[in-house]
Amino acid sequence: MPAPDLDAIVSLAKRRGFVFPSAEIYGGFANAYDYGPLGVELKRNIREAWWRALVRERDDVVGLDAAMLTNPEVWVASGHTETFHDPLVDCRACRRRFRPDHIEEGQYGEAARDDEGRWRCPNCGGELTEPRLFNLMFRTEVGAVAGEGATAYLPPETAQGMFVNFKGVKDAMRRKLPFGIAQARVSFRNEITPGRFVFRTLEFEQMEMEYFCRPESAAGWHRYWIDERLRWYEEVIGIDPARLRVRAHEPEELSHYSAGTSDIEYRFPWGWGELEGIANRTDYDLRAHAEHSGQDLSYFDEETGERFTPYVIEPAAGLTRTLAVAMLEAYAVEPDENGRDRTVLRFPAAIAPVKVAVLPLSKKPALTPMARRVHQLIRPFWMTQYDETQSIGRRYRRQDEIGTPLCVTVDFATLEDEAVTIRERDSQAQTRVPIAGLVDALAERLPGVR
């Protein structure tokens, strides 16, 4: 069973070094988080798993790392400067700002209505203003003198860098349709969030791919990528299919560029919510940039002699949101080998922050050299931890709680027989193996994992 509520994950994340509130010694900063030693490893592993599935293991997708700060005309052409807005309301009493749809959904907690049925402030019960539109992009200035520089924007998404580089990538890599361009990087949105941990923050990392194809094949590729991404969450991240669903957007929900969008949703403790959106963006973006820049972004098919503007299928996932879902899904409380309750994060080995922990049975000096030798033997192959403090039972439970698949115990018999004990997280089974065969024994239990 997954975590019963978000509080269990928030507490574990801070206690064990996954995620910390940003600048907590100064009182924090709303909707901003720092990823600690284990969080940064988990995030890196999820990003690598996504990159491996979409780029490394495919012949039809290549990677990109586009500049964050770019010509502001990019955002004019994409429509962001004109259409990237949220309706927001302000409380006349406490001055806090809210999204009306989030008030209605109860995402700020229970809110009351006045005698005329209008929502009151979820924070203090005060009167709310009429909704006003606010642009969600963060503005900045490029230039050394304040007030004299050019206006630029922090990127609210990763997609536009791939569209403006379509021609360069196609020509440099000699690509024929269909092919994709993928990148994972940070985006920024100056939006009001309901404060649910890292599920919606001002700064977040996205994993996106733009798949360019012939217009008549777009519907088929849209269905293909929905199925592929759903499979990835089940097989790689380890999410129970019963807690995943695909929801097609209603016509009134569709973005201005979309001919069809479906969300892969996860059943959070508070209800269904988006994990990833897969959109058929048609030829909107390439046409918009071609018109605005004056550059030809069409595609010439040498086999048919046709020239046309490709359609684009976009699978867009949130890395930070996927991380939190991975923690929710992996969480379990169950008896350990001694019948005591243990908290376990059952991460698939490929995304677990630490793959192997080396634990000497005790801190006595006689064991330390041998335990250090074992640690040095395996650390070139996997992310490891060495832990010799507290009882061995507590150290097992500590590794269970951070999701380490395997522990290697060095005991006093090791000094005589040159063998160690491998303990498996999920089954708690223990197997004695010679140190000479330890790397091979671990590799058998961590197939394909590095």
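Here, each number is a calculation from the coordinates, and none is a lab measurement. Everything quoted here is computed from the prediction, not taken from an experiment. Reconstructed Cβ throughout: ideal geometry from the backbone, glycine too, with neighbour counts over all protein chains shown.
Between Glu157 and Phe188, the built amide H atoms are under 5 Å apart, and every one of these is 5 or more places off in sequence or on another chain.
Here the stretch 85-135 is treated as a Stokes sphere of Kirkwood radius computed over C-alpha pairs; at 25 °C and 0.890 mPa s its diffusion coefficient rounds to 227 µm²/s.
Can you find, among Cys121, Pro178, Pro72, the residue sitting farthest towards the positive end of the charge dipole of the stretch 70-185, where Lys and Arg contribute +1 and Asp and Glu -1 at Cβ? With unit charges placed on the Cβ atoms, the residue in question is Pro178. Among the listed values [x] 76, 68, 51; [y] 66, 59, 43; [z] 84, 54, 46, the one matching Cα extents along the principal axes in Å as calculated from this structure is [x].
Length gained on full extension, Gln390 to Asp101: 99.0 nm, using 0.36 nm per residue less the C-alpha separation. Whole-Hz Karplus values for the stretch 45-58 come out as 5, 5, 4, 5, 5, 5, 5, 5, 6, 9, 10, 5, 8, 10 Hz, taken residue by residue from phi with 6.51 cos²θ - 1.76 cosθ + 1.60 and θ = phi - 60°; glycine and proline positions read x. Spatial offset of the stretch 421-446 relative to the stretch 340-362 amounts to 13 Å, using the alpha carbon center of each. Find the centroid of the Cα atoms in the stretch 2-55 and in the stretch 247-267, then give the distance between the two in whole Å. The two parts, judged by their Cα centres, are 28 Å apart.
In terms of Cα atoms, the Rg and Dmax of the stretch 243-308 work out to 17.2, 54 Å.
With the cut-off at under 15 Å, measuring from each backbone N in the stretch 169-191 to a point 7 Å along the Cα-to-Cβ line of Arg56 picks out 184.
Computed from Cα positions, the angle between helix 6-15 and the longest principal axis of the chain comes to roughly 60 degrees. Against the chain, whose longest principal axis is taken from its Cα atoms, helix 284-293 shows a tilt of about 60°. Rounded to the nearest whole Hz, the Karplus-based 3J(HN,Hα) values (6.51 cos²θ - 1.76 cosθ + 1.60, θ = phi - 60°) of the stretch 380-387 follow the sequence x, 9, 9, 5, 10, 10, 10, 9, with x at glycine and proline. Using only side-chain charges placed at the Cβ, +1 for Lys and Arg and -1 for Asp and Glu, the dipole size of the chain relative to its Cα centre rounds to 1700 debye. Seen against the Cα atoms of the chain and their longest principal axis, helix 218-235 is set at about 20 degrees. Simple rule: put +1 on each Lys or Arg Cβ and -1 on each Asp or Glu Cβ in the chain, find the dipole, and look at His256, Thr414, Asn338; the Cα lying farthest toward the positive end is Thr414. Along the stretch 99-106 the Karplus relation, 6.51 cos²θ - 1.76 cosθ + 1.60 evaluated at θ = phi - 60°, assigns HN-Hα couplings of 8, x, 5, 6, 4, 4, 7, x Hz to successive residues, with x for each Gly and Pro.
Estimated from the Cβ-Cβ distance and a Förster radius of 60 angstrom, the FRET efficiency linking Leu177 and Phe134 is about 0.95.
Within the chain, DSSP assigns beta bridges of which about 85% are antiparallel (rounded to the nearest 5).
Only beta bridges with both residues in the stretch 354-445 are counted; by DSSP, about 55 percent of them are antiparallel. Note: the stretch 354-445, Cα convex hull, 81 Å³ per residue.
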